[in-house]
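Structure, as structure tokens:
The values are calculated or read from the model by the stated rules, or taken from the named source; none is laboratory data. Please read these numbers as outputs of a predicted model, since none were measured by experiment. Here the Cβ positions follow ideal geometry from the backbone for every residue, glycine too, while neighbour counts run over all protein chains shown.
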Amino acid sequence: MDRRAFIKLSALTGSAATLAGCGSPENHVIRFVPDDEIVPGIAQWKPGICPLCQAGCGLQVRVMDADAEVVRNGQRGMMKVAAAKKLEGAASNPINRGGLCPRGQAAIQITYHPDRITHPLKRSGPRGSGAFREVSWEEALAELAGRLDALAGAGAPTLAILTRPRRNLRQTLVATFLERFGAPSPLTYELFGDDVLRRANAISFGREQMPTFDLTRSNYVIGFGADFLGTWNSPVSQSAGYGAMRSGRPGARGRFVQVEARMSQTGASADEWIPVRPGTEGVLALGLAHVIINEQHRPPEAAGTAGALIEGFAGGLADYAPDEVAQRTGVAAARIARLARDFVERRPSVAIIGGAPLAPTNGLFHALAVNALNALAGSVGQPGGLFFMPQAGAPPAGRGGLDQAAAGLLSSADPPIQLLLIDEANPVFTAPAAWKVREALEKVPYIASFACFLDETSVLADLILPDHSFLESWVDARPESGALVAVAAAAPPAMRPLHSTRAMPDVLLDLSRRLQTPFDPPLPETFDAMLSESFASLPESEAGDAWTVAQTDGAWSGDLPQADPAARPAREPVRFVEAQFDGDAAQYPFHFLPYPSQAFLDGSTAHLPWLQELPDPLTSAMWSTWVEIGSEAAARLSIREGDMVEITSSQGSVRAPAIVSPGLAPDVVAMPVGQGHETFTRYASGRGSNPIAILAPMREPDTGALAWAGTRVRVARAGAPEGRLILFAGQMRDIEARER
Amino acid sequence: MKAVYALYDDPNAALRAVNGLRAAGIADRDIAVMTADPIEGHALMAREAHTWMPWVAACGAVVGLVLAVGMLLWGELAWRLDTGGMPVVAWWPNLIIMFELTMLSAILTTVGTLFVTAGIPSRREKLYDAEIADGKILVGVKDPPDTSIASLQQALLAGGGRVKRV
Amino acid sequence: MSAAPVETAAATRQINDDLLRPLLNTSWRFWALVAVLGGGVLMGFCAWLYQLYHGIGVWGIAWPVFWAFGITNFVFWIGISHAGTLISAILRLVDAGWRRPVTRCAEAITAFALMIGAVFPIIHLGRPWLAFWLFPYPSERGIWPNFRSPLAWDFFAINTYLTGSLLFLFLPMIPDFALVRDKTTGWRRRVYGVLSLGWEGTPRQWHRLESAMGIMAVAIIPVAVSVHTIVSFDFSMSPTPMWHSTMFGPYFVAGAIFSGIAALIIAMAALRKFLHLEAYLQPIHFENLGKLLLTMSLLWGYFVFAERLTTWYGNDVAEITVLNVTQRGSFAPLYWTMVVCNLVVPFTILSIGRLRTITGCVIASFGVVVGMWLERFLIIVPSLGHKFLPYSFGEYRPTPVEIMLLVATFCAMMLLYVLFAKLVPIISIWELKAGGYHAIEAARLPETPLANVNL
Amino acid sequence: MPHKWGLAVDLDACTGCGACVTACHAENNIPTVGPDQAARGRAMHWIRIERYWEGEFPDVRLRFRPVMCQQCDNAPCEPVCPTYASHHTEEGLNAQVYNRCIGTRYCANACPYNVRFFEFFNPVWEKPLHLQLNPDVSVREVGVMEKCTFCVQRINAGKIQAKAEARELADGDIKPACAQSCPSKALVFGDASDPDSAVSKLRRSSRGAGLLEDLGTRPNVTYFPRHTEA
């Protein structure tokens, strides 16, 4: 309480006392006896798992006493609670090794967010209006169980669960629930998913999973668009490896080259940054391979199957001579030759592809090309190269095709989904407007959401069964990448729930028992029982059995026998085909490059004030969206920093302030994803604009994944600065003379 | 109080009256002269001009300096705090405060000396006439011995003024 | 001493009547003016209360420009305060006869400008209710203020200067209070009787008063110089580009006297017009002060040139950045306005004899007041906004609260001055008389320069 | 021998990710000021990652540089404070005593690194965000200057812990929140008076340099520049 509030309160209490003559209201504030044993001022450290991305970083949660306002038996009062105070990376965790990214640090604000949904809610107004009324858990569960019973009675598999693709037991539970119910597997959607790379790895190496990069021992790293130090795959693990590569070995310093059209936060750290024409990254990779083969550094056979997949590989990739490649990619021939020599001569070296190169329509080709390059250099499975980590029990994959599901809903009079459960997904925000996900969801007769917050998707729900935060419930993760050993993580709740919420897995298990015809045999009673069961198959270590280790340290890790590579389907060798871009180049002269922002990823963390106020690494912008435009293009269009610009694609337009960036190819405009929420708590609603909305519905043909880098746009100045661009930095450049 | 005095328009006349009073045996310190302005340089005002005030002010300055040094040393040594790599007792900055307090003390001493030596403020009964404000010059004697009143009046009249008695 | 007594008496009565008239006759215009100016002061006070309630965030200051209008006003008003005491002390020491009608209105400016200036170090604090922690006393934990801080020096310097100049203003008022006491009745007689401290006007009192004034004049000049030097130390003690300069002391003192003279000219012109003191504040006064203003304008220009040239030649990147941002960057409009106001306008008007009239002097003075305010602003803000690390460069925009406070300071200055002129003879009557009956005679013949009639 | 705390920043390892910035907010109860105040330049980041562009497209480079209080030996912020709110501790830290600060903001003006931040208003934590506040760090009220402390609360906790366990403080026992969180271990904290500490070893390298060292501030943060290869 600040001084002023105290004075006001004293004035109030004073007058109240005079009026009522019965002492000060402070005496009426009930102090409940604490639930836990708390020693004030003494911190406890409890294990946790970061929930924000699939990296599955281990947490140490600092728990201390705090005074919370709570409701017990309808009585509001104060109680000393054991509250999480800070999240730190768990030093013992083989993935993040003590580090934690800014998003992970800020995740604690999910728990304490002022706009969390604190009770089950039932829609009381028109869909999307945001009008809800509180209901009891009993009422909510009874209603949902009733709906499920009705579906089961009709015998139609019209139940669907929409989630993110997740690597944890929660996903397994969801899949199991659907399977037992007789419904199709969970529908998953993630904007910046890596399905294309997984598919390419399956084709090249027989492993449909994300690779782990052994940067610690690398001498040479070439990145193809992968923001591996910022947002991509397992950024903390990769940053740890990067730090060790740069400074961890006395006398040896790994070199790092980044190839991309827009300088990312990762590209900023590169020794050499090479802008390349969007959609030609794989050509450059094969150009390197050409030089390596033709200068006889490595024979083409060294690339094995991964090489054989590429048309002309055995013949030395005649189509990818440096001059040819230079013409296609915009990278000088001499430079290509030098990069190629460096790549083999400085081995161990590794090439990393991720992000935008996988997101035009020919993304799979680029991934296969880079895989072939890695294989050619002998980097696969070798120290300093890339590995495929053995998996400690992977969850069943969901099914993609949200766009088809939406189209199906919109086209049929009798919706193929009668009851939709949504868990940790916000496709209304993260899917292109062209997919019409909102319109499709509006046609679903009944939606129940497990959301912690009202967002663009959960606001459409008829019933919201708010989940615990990750600190209040059992959490687990089975990371597929990030360490050279198998990792299985699980952590008990670090603190008691603040609100009247329930853990989604337990709700699902509860529902399975409430059904008129309960599952037989029944699912485990609780989620932690399920977890404990799943850890039973893992080998014991010195510290004890896997389950005990996981509970105390937050993660079990160890060597597991690597499964044999899956049989690879026979394929025609692939060859380069030009990427297809939506929009005519004359009318829409710019490639449009949305990218996951360092603070918000795909927008799912935009509600956290720390992240809103975190200056973007490259622009220093806070609380803003912006459009990055190259210096030359900006000069041509008379656009200056802060000016409002309009970006128009064939699907519509967005307005945002401009940032003139020196690190951007002249025919590219880039925009961070994450802002532009209509409904997402007080901190994110109505802030900035959402570039996903104007993406064209382009698809990578093999996987069906959204080709989010496949849209062309035109750019026009739309007006003077409107003060919406909030920068922390004063100037972009140092005073040159001082630095040396 | 009783007094005898005269008012003059002209400093020279007043001077003549003063001289007359002196001739009548009145000591300088008993002759009251009052003017509305310090008729600078006139012989009428050429009395009690000497003052030790500058020396007193200088002494005040020294006292201020000593007090300043004392305060600074006390203040800096009472709770030794390191700032910016400077010595705990830092003379360069201290010189500034020493200077200011020296000057302040000199000024206050001067004013104090003025008040003491000029006899202000005072509430004692005074020989005064409001006509001084109009430029008249008052010359007179306060509490004269009864026996000499007539001779004093004579002397004052000789100066050419209007004699008044209180 | 040869003037006829009758004429002398008449002249004395004339002076008394002319100079006491403003004290005795009050028109509605006075009350209207007081109401308007009082309203302005009240507005500033309300703005300050608003600031106290919400926090100093209602000002436009921001990272890294933590000082702006508040400190500009502080330096500006402290500068204005150099009008009086310094000028009148110097003129007193060199016994320039023409000073006599000017000294009191100059010293009054000093006293009031200092009071206004001294308010800002307090109200600009983040927690002004703790301002007393600046006072030199050991806190309950035995910690004194930090005597190494230029802000502590400010405390001593301003207090010394304020005490000195209030006494310097008050001492010569004592005989005039006695005069008012003698010439009035009723409450005035009682009040001024108390204020006159029982002044009689004996030779002893006159001698002591003049001795004291002589000593004070000697003492106040170094104090005045030190005050503005120390104010400049607030800046030059920091390793901030364009601040860390040995030249700041004399530069600030010159600027202070410059703005002080300008303020004095404006005040005198107003008094002359509104109190009908044409016979006392004559063109010759403006002429002389105008010449002084011209000198200071050139001196100021010299300092600015020296400062800029050394910075430019030194070619230190951080300093050059600040130099460029003021001369060519976002501060350029303000910078060149300052140059026009401080140099071009005063030089043009005052160097041409025909233009050095009362009106000319007043126009030049208004320019200087504006220009010197801008000068302070341009010393403070561009440097703070452009320190060393360009990532942390920042901007500043004033808010209405700051503008209201600025306006209120001018209202407060005028209000205090108007009230002072109402309650105290604005020209020192006894000094004027002591200046000699000849002076009065001369006053009736405008062609005779006053400066030639020294006694 | 008293400890002398120092930080080494390896710009070769720093990726500019901002983990240290958020960690610092979480550890030190630094308020978020919101978009309106942020737009007015009141955002508070005790540690910030400066980024500087060099060159023009396509030969463009970018450099990151985390800047926090440099804990200077000759700190310009200290002598200017009239109330000793900012002064030097025996362990070489530039202490900021919030209770003694009256908000002259002089220290911030004197600081060449612009690492001091000011509470322009009373900070607000929308309930229940306040439950996160670190009880080991005081919450500053309006009108107070604040800055990076090298996580002095962690330093003290580390020393107390070592004392309770009756052992000498070991190198690496104490880590400020920024160094703890740094994924690439670009920040190394330690006792510079211990010649065997990691930070001392780093400091002996001729590659290290203080920021704006030519001003004579003698900073206790050492920067190791990024390698530049042709």
Query raised in the report: Of all residues in the range B:5-28, which are among the hydrophobic types (A, V, I, L, M, F, W, C), part of a helix (DSSP H, G or I) and farther than 25 Å from residue C:175 by Cβ?
Result: B:23
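Could you tell me which of the residues C:318, C:279 is away from every other protein chain (no Cβ under 14 Å) and of a type in the set (A, V, I, L, M)? Even if it seems obvious, please write down each step before you answer.
Numbers: C:318 fails: away from every other protein chain (no Cβ under 14 Å).
Being away from every other protein chain (no Cβ under 14 Å) and of a type in the set (A, V, I, L, M) holds for just one of C:318, C:279, which is C:279.
Can you say whether residue A:727 is within 14 Å of chain C (Cβ to nearest Cβ) and farther than 23 Å from residue A:357 by Cα, as far as the supplied structure shows? Lay out the reasoning, then the answer.
On the way: within 14 Å of chain C (Cβ to nearest Cβ): yes; farther than 23 Å from residue A:357 by Cα: yes.
Considered against the rule, which asks whether it is within 14 Å of chain C (Cβ to nearest Cβ) and farther than 23 Å from residue A:357 by Cα, residue A:727 comes out as yes.
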Query raised in the report: Residue check: is residue A:535 modelled with pLDDT of 95 or more and aromatic (Phe, Trp, Tyr)?
Result: no
Query raised in the report: Within the range A:245-263, can you find the residues that are within 10 Å of chain D (Cβ to nearest Cβ) and polar (S, T, N, Q)?
Result: A:247
Query raised in the report: Of all residues in the range B:29-57, which are at the interface with chain C (Cβ under 8 Å from one of its Cβ atoms) and in a helix (DSSP H, G or I)?
Result: B:44, B:45, B:53, B:54, B:57
Query raised in the report: Going by the conditions given, is residue C:229 β-branched (Val, Ile, Thr) and within 7 Å of another protein chain (Cβ to nearest Cβ)?
Result: no
Query raised in the report: Going by the conditions given, is residue C:257 touching a His at 6+ places or on another chain (Cβ under 6 Å), at pLDDT below 95 and crowded, with 23+ Cβ neighbours inside 10 Å?
Result: yes
Query raised in the report: Just for the range B:120-134: of the residues that are at the interface with chain C (Cβ under 7 Å from one of its Cβ atoms) and part of a loop (DSSP other than H, G, I, E, B), which one is surrounded by the fewest Cβ atoms within 10 Å (Cβ to Cβ)?
Result: B:123
Query raised in the report: What number of residues within the range A:204-246 are more than 28 Å from residue A:49 (Cα to Cα), among the small types (Gly, Ala, Ser) and surrounded by fewer than 24 Cβ atoms within 10 Å (Cβ to Cβ)?
Result: 1
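Grab the strands (runs of 3 or more DSSP E) fully contained in the range A:602-690, keeping just those with 2 or more residues being within 19 Å of residue A:230 (Cβ to Cβ) and within 12 Å of chain D (Cβ to nearest Cβ).
Values: elements: A:627-630, A:644-649, A:652-661, A:668-673.
Where strands (runs of 3 or more DSSP E) fall fully within the range A:602-690 and carry at least 2 residues being within 19 Å of residue A:230 (Cβ to Cβ) and within 12 Å of chain D (Cβ to nearest Cβ), they are A:652-661.
Given the criteria hydrophobic (A, V, I, L, M, F, W, C), more than 25 Å from residue C:370 (Cβ to Cβ) and modelled with pLDDT under 95, does residue C:318 qualify?
Numbers: hydrophobic (A, V, I, L, M, F, W, C): yes; more than 25 Å from residue C:370 (Cβ to Cβ): yes; modelled with pLDDT under 95: yes.
For residue C:318, the condition - hydrophobic (A, V, I, L, M, F, W, C), more than 25 Å from residue C:370 (Cβ to Cβ) and modelled with pLDDT under 95 - is met.
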Requested in this report: May I ask you to list the residues in the range A:212-258 that are over 27 Å from residue A:277 (Cα atoms) and in a helix (DSSP H, G or I)?
Outcome: A:216, A:217, A:236, A:237, A:240, A:241, A:243, A:244, A:245, A:246, A:247, A:248
Requested in this report: Scan the range A:375-423 for residues that are of a type in the set (Ser, Thr, Tyr) and either under 29 Å from residue A:200 (Cα atoms) or assigned to a loop (DSSP other than H, G, I, E, B) (or both) and jot them down.
Outcome: A:379, A:412
Report task. Evaluate the range A:278-286: report whether one residue or more is more than 10 Å from every other protein chain (Cβ to nearest Cβ), surrounded by 24 or more Cβ atoms within 10 Å (Cβ to Cβ), farther than 28 Å from residue A:667 by Cα and out of contact with any Asp or Glu (no Cβ under 7 Å at 6 or more places or on another chain). Result -> no
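Just name the residue that is nearest to the other protein chains (Cβ to nearest Cβ) out of those in the range B:91-106 that are among the aromatic types (Phe, Trp, Tyr) and under 30 Å from residue D:92 (Cβ atoms). So that I can check it myself, show each step before the final result.
Start the filter on the range B:91-106 by keeping residues that are among the aromatic types (Phe, Trp, Tyr), which leaves B:91-92, B:99.
The next check asks that each one be under 30 Å from residue D:92 (Cβ atoms); those that pass are B:91-92.
Numbers: B:91: 11, B:92: 9 Å.
In this case the residue turns out to be B:92.
Identify all residues within the range C:347-360 that are part of a helix (DSSP H, G or I) and free of Cβ contacts under 8 Å to residues at least 60 places away in the same chain; write none if there are none. Lay out the reasoning, then the answer.
Let us first name the residues in the range C:347-360 that are part of a helix (DSSP H, G or I), namely C:347-351, C:353-355, C:358-360.
If the condition is that a residue be part of a helix (DSSP H, G or I) and free of Cβ contacts under 8 Å to residues at least 60 places away in the same chain, then C:347, C:348, C:349, C:351, C:353, C:354, C:355, C:359 are the ones that fit.
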Query raised in the report: Quick one: how many residues across the range A:485-518 are away from every other protein chain (no Cβ under 14 Å), within 12 Å of residue A:470 (Cα to Cα) and in contact with a strand residue (DSSP E or B) (Cβ under 8 Å, 6 or more places away or on another chain)?
Result: 4
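Only residues that are closer than 22 Å to residue A:357 by Cβ and within 9 Å of chain D (Cβ to nearest Cβ): list them for the range A:220-244, please. It would help to see each step written out before you state the result.
Taking the range A:220-244 and keeping what is closer than 22 Å to residue A:357 by Cβ, we get A:220-235, A:237-239, A:241-242.
Answer for the range A:220-244, where residues must be closer than 22 Å to residue A:357 by Cβ and within 9 Å of chain D (Cβ to nearest Cβ): A:229, A:230, A:235, A:237, A:238, A:239, A:241, A:242.
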Query raised in the report: Residues of the range B:135-166 being surrounded by 22 or more Cβ atoms within 10 Å (Cβ to Cβ) and either in a loop (DSSP other than H, G, I, E, B) or of a type in the set (S, T, N, Q) (or both), which ones?
Result: B:135, B:136, B:161
Requested in this report: Take the residues in the range B:58-90 that are under 22 Å from residue D:77 (Cβ atoms), more than 7 Å from chain C (Cβ to nearest Cβ) and out of contact with any helix residue (DSSP H, G or I) (no Cβ under 6 Å at 6 or more places or on another chain), then tell me which one is surrounded by the most Cβ atoms within 10 Å (Cβ to Cβ).
Outcome: B:84
Query raised in the report: Are there any pairs, at least 6 apart or on different chains, whose C-beta atoms fall under 6 Å, with the first in the range A:96-122 and within 7 Å of another protein chain (Cβ to nearest Cβ) and assigned to a helix (DSSP H, G or I) and the second among the β-branched types (Val, Ile, Thr) and crowded, with 24+ Cβ neighbours inside 10 Å, and if so, which?
Result: A:102/D:22; A:105/D:22; A:106/D:22
Query raised in the report: Could you list, in sequence order, the residues of the range D:155-179 that are under 13 Å from the mean Cα position of the chain (by Cα), surrounded by 24 or more Cβ atoms within 10 Å (Cβ to Cβ) and not small (Gly, Ala, Ser)?
Result: D:176, D:178
Report summary line: All conditions in (1) in the same structural domain as residue A:697 (by TED's automatic domain parsing); (2) surrounded by 20 or more Cβ atoms within 10 Å (Cβ to Cβ) are true of residue A:631 except (2)
Report summary line: Quick count over the range D:96-126, residues being in contact with a strand residue (DSSP E or B) (Cβ under 7 Å, 6 or more places away or on another chain) and surrounded by fewer than 22 Cβ atoms within 10 Å (Cβ to Cβ), is 1
Requested in this report: Those residues that are farther than 22 Å from residue C:111 by Cα and at pLDDT 90 or above, I need them from the range C:263-282; list them, please.
Outcome: C:273
Query - Filtered residue count, the range D:171-208, keeping only those that are among the hydrophobic types (A, V, I, L, M, F, W, C) and in contact with a Phe, Trp or Tyr (Cβ under 6 Å, 6 or more places away or on another chain) - result: 1
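Out of the residues in the range C:184-205 that are outside any helix (DSSP H, G or I) and within 8 Å of chain B (Cβ to nearest Cβ), state the one that is surrounded by the most Cβ atoms within 10 Å (Cβ to Cβ). Please lay out each step first, then the result.
From the range C:184-205, those outside any helix (DSSP H, G or I) are C:184-185, C:196-202; that's our starting set.
Then keep just the ones that are within 8 Å of chain B (Cβ to nearest Cβ); that gives C:197-202.
Values: C:197: 17, C:198: 19, C:199: 27, C:200: 23, C:201: 24, C:202: 21.
Result: C:199.
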Requested in this report: Scan the range B:36-49 and report the pairs whose first residue is free of Cβ contacts under 8 Å to residues at least 12 places away in the same chain and whose second residue is surrounded by fewer than 16 Cβ atoms within 10 Å (Cβ to Cβ) and assigned to a helix (DSSP H, G or I), with Cβ atoms within less than 9 Å and a gap of 6+ or a chain change.
Outcome: B:48/B:28; B:48/B:29
